[in-house]
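Data first, discussion second: the structure below is written as C-alpha cells.
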Amino acid sequence: GPGQAAMYAGLQELGVANGEDLKETLTNCTEPLKAIEQFQTENGVLLPSLQSALPFLDLHGTPRLEFHQSVFDELREKLLERVSAIALEGKVEERYKKLEDLLEKSFSLVKMPSIQPVVMCVMKHLPKVPEKKLKLVMADKDLYKACAVEVKRQIWQDNQALFGDEVSPLLKQYILEKENILFSNDISVLHNFFSPSPKTRRQGEVVQKLTQMIGKNVKLYDMVLQFLRTLFLRTRNVHYCTLRAELLMSLHDLEISEICTVDPCHKFTWCLDACIREKFVDNKRARELQGFLDGVKKGQEQVLGDLSMILCDPFAINTLALSTIRHLQDLVGQDTLPRESPDLLLLLRMLSLGQGAWDMIDSQVFKEPKMEAELITKFLPMLMSFVVDDHTFNVDQKLPSEEKGPIPYPSTIPEAFTKFLQENRIACEIGLYYILHITKQRNKNAFLRLLPALVETFSDLAFSDIFLHLLTGNLTLLGDEFALEEFCTSLFDGFFLTACSRKENVHRHVLRLLLHLHHKVAPAKLESLQKALEPTKQSGEAVKELYNQLTEKLELRKPSPAEVTETPSMELPLPTVPTPTSR
C-alpha cells in the first residue's frame, strides 16, 4: 500500500532492495522458496556468526521481523550517539565534513520513519545545513514539523513570513494572558498585576518559547523586536513593550552574550530591571540610568527609540511613578521645591521618554521629548500642597476643639489640577498614581476631593485597564465606606457610570468590583446599580457573564419569603426574667 511505499522511501536510490524488488523477484522465478532464501541471504544482517544463530531463533518462534527490528533499534541508538559525538570531536572543519557526508548519504531516507530520527539528528548538529536540503524540508509540512529547532532557526532566518507565522500565535497568547490578569475576578491590594517579580514573569511560557526559538541567533532576535515594534505601533498596546524587556532579560539570564552585547539597551534594561524588582529607583541606580541617557552619542540617537520602548513597559512606568510620589512626600518634609531635586527631574525625564515612545517610533524623530516647565513649577507643587492639606487636617483633628468647631476637610480642587490632568500626559500619570496612593492609605477625604478630576483625563487614562485594575484593588481597603450613600454616589454616579456605556472595559471593572464588595454596598444603592449596569444588546460576552454572576450572588443574598414573615417574632419583648435579689 502507499503507507508501505513511504516506509521504504529512498531505499532504491541507495541500491538497497525493498518490498517492490522482492515482489519482482518472486513474480519472475521458478522456485519461490529458493528465491526467498537467496533474498534473505543477500539482504539480511551480514554477520557470519549470525548465520547459525538465526535458525535457533526460528525454533523459538521469534519472527525475523522482530529480530531485525531489535537489531535495527539498537543500531539506530548507537548511530544517534555516534552522530552527537562526531559533532563534538576533532577539528571544526573535519567534524562538519563528516556530518555533511553522512547527511548526503542518508537524506534520501528522510521519509522512512525508522531512519528519520538519524537524518534529523545529523541536520541538528550542522551549523549550516545545505540550502537545497533546507528547501526540501521547508516544502514538506511533516518534515518541517519533525525538525529540531536548530534546523528551523536556519530556515526562519531567511523566511521572515514563516517565522512570523510561528511567532504570531505566541504574541496573541501573551497579550491575552496580560488582559486576563487585569480583568481577573480576584481583586486584592496585595496581589495585583504588578506583584510578580521580573524573574518570575520571565519564566512565563511565551517568553520561554521565544527565547528557545531565538537561541543565539541575532537575526531572529532582531526579527522578533521588529514584530514587537510593528505591533506596538499598530495597536498602541503597551504589553508589547513589556515583552521587549522580558525577552532581552531572559536572554541575559541565560548569559547569551552573542545577543546581549549587540543590543544597545542591554545595560540600561538590566539596571532598570533591578529597580522594577525593588519597585523603587534608588540614588545609585538613578545615576547609572542617567549615565546611559546622557551617553547617547551623536549619530546613534536611534537607540532612544528602543530605550523609550523599554521605559514604556507598564512595569517601568509603575516603578517610576511610585518613586516620584515617594520623592514628592520626602520633599514636603525637607521643605524643598521639585525643581531643586535632580533625582525627581531624572524620574520625570524617564517618564516622558517612556510616555513618548509611540510618537517617537511613529515619527522616527529620535530626540528626547521636551519637559514642560509648568509640570515642575506648578503641577508638582500643587500635589505637594495636597500632602500638606492632609498633614494640617490630621494635626487639627488632634488639637482640642475650641468654640469654632472642627475644621472641615478642604473639598474643592484647584481648577489648574483638573486642567493638568486633561492636557498633560505626565501630569495625568503622576496625578493618577497620587490618587492610588491616597486610596491605599484609606484616605477617604482626599479620595473624594480629587475623584471629580478623573472624569476627563488625558486620552482617558483614568479609564485605562491598568489604572482601574489598581484602583479597584485599593478600593477594597475602603470597603466599609460603601455602606454610605454619599460615598457610593460619588464613586459610581460621579465616576464609573459616566463612562460605562461608552467603554466596555469600565463596565467590566465596575462589575468586578461589585462582585467583590456587593455585601458592603447599601441595599438601595445596590438595587439602582444593578439596573444601571444591566448589559445592552451591544455588550460583549465578558460583561454579560459578569453581570450574570453578580445577579446570582444577589439572588442568594435575598432572604426567602418565609424568613421575611418570621422576622417580626424576634421584635417581641423578651419574657422578663425575675432578677435574683441580692442577699
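The values are calculated or read from the model by the stated rules, or taken from the named source; none is laboratory data. Keep in mind that this is a model prediction, so the values were computed, not measured. Glycine gets a Cβ as well: all are built from the backbone with ideal geometry, and neighbour counts include every protein chain shown. SASA here: full protein model, heavy atoms, side chains in, ligands and nucleic acids out. Shrake-Rupley method; radii C 1.70, N 1.55, O 1.52, S 1.80 Å.
For (1) among the charged types (D, E, K, R); (2) modelled with pLDDT under 85; (3) more than 34 Å from the chain's Cα centre (by Cα); (4) part of a helix (DSSP H, G or I), each residue gets a yes or a no:
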position	(1), (2), (3), (4)
Glu481	yes, no, yes, yes
Glu486	yes, no, yes, yes
Leu517	no, no, no, yes
Ala562	no, yes, yes, yes
Thr576	no, yes, yes, no
- Query: Between a first residue in region 462-480 that is on the phi < 0 side of the Ramachandran plot and open to solvent by less than 10 Å² (accessible area, probe 1.4 Å) and a second residue that is among the small types (Gly, Ala, Ser) and part of a helix (DSSP H, G or I), which pairs have beta carbons less than 6 Å apart while being 6 or more apart in sequence or on different chains?
  - Reply: Phe463/Ala499
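In the list Leu171, Leu210, which residue meets the criterion of being in contact (Cβ under 8 Å) with a residue 40 or more places away in the chain, more than 22 Å from Asp465 (Cα to Cα) and under 14 Å from the mean Cα position of the chain (by Cα)?
Just a single option satisfies the conditions, and that option is Leu210.
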- Would a scan of region 193-211 turn up a residue that is assigned to a loop (DSSP other than H, G, I, E, B) and modelled with pLDDT under 95? no
- Yes or no: Cys275 over 27 Å from Ala161 (Cα atoms), open to solvent by less than 20 Å² (accessible area, probe 1.4 Å) and assigned to a helix (DSSP H, G or I)? yes
- Give the residue, chosen from Glu177, Glu94, Glu100, that is part of a helix (DSSP H, G or I), open to solvent by 50 Å² or more (accessible area, probe 1.4 Å) and modelled with pLDDT of 95 or more. Glu177
- Message: Going residue by residue through region 291-302, is there one that turns out to be over 29 Å from Ser363 (Cα atoms) and over 17 Å from the mean Cα position of the chain (by Cα)?
- Response: no
- Would you check if there is a residue in region 401-414 being surrounded by 13 or more Cβ atoms within 10 Å (Cβ to Cβ) and assigned to a helix (DSSP H, G or I)? no
- Task: Return yes when Arg557 is among the charged types (D, E, K, R) and not assigned by the TED database to the domain that holds Leu421 and no when it is not.
- Result: yes
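Within region 434-459, work out how many residues are closer than 21 Å to Ser323 by Cα and open to solvent by less than 20 Å² (accessible area, probe 1.4 Å). Break it down stepwise before answering.
Initially, region 434-459 is screened for residues closer than 21 Å to Ser323 by Cα, giving 434-443, 446-447, 450.
Cutting the leftovers down to open to solvent by less than 20 Å² (accessible area, probe 1.4 Å) gives us 434-436, 438-439, 446-447, 450.
Final tally of qualifying residues: 8.
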- Query: Which residue out of Val262, Val281 is open to solvent by 10 Å² or more (accessible area, probe 1.4 Å) and among the hydrophobic types (A, V, I, L, M, F, W, C)?
  - Reply: Val262
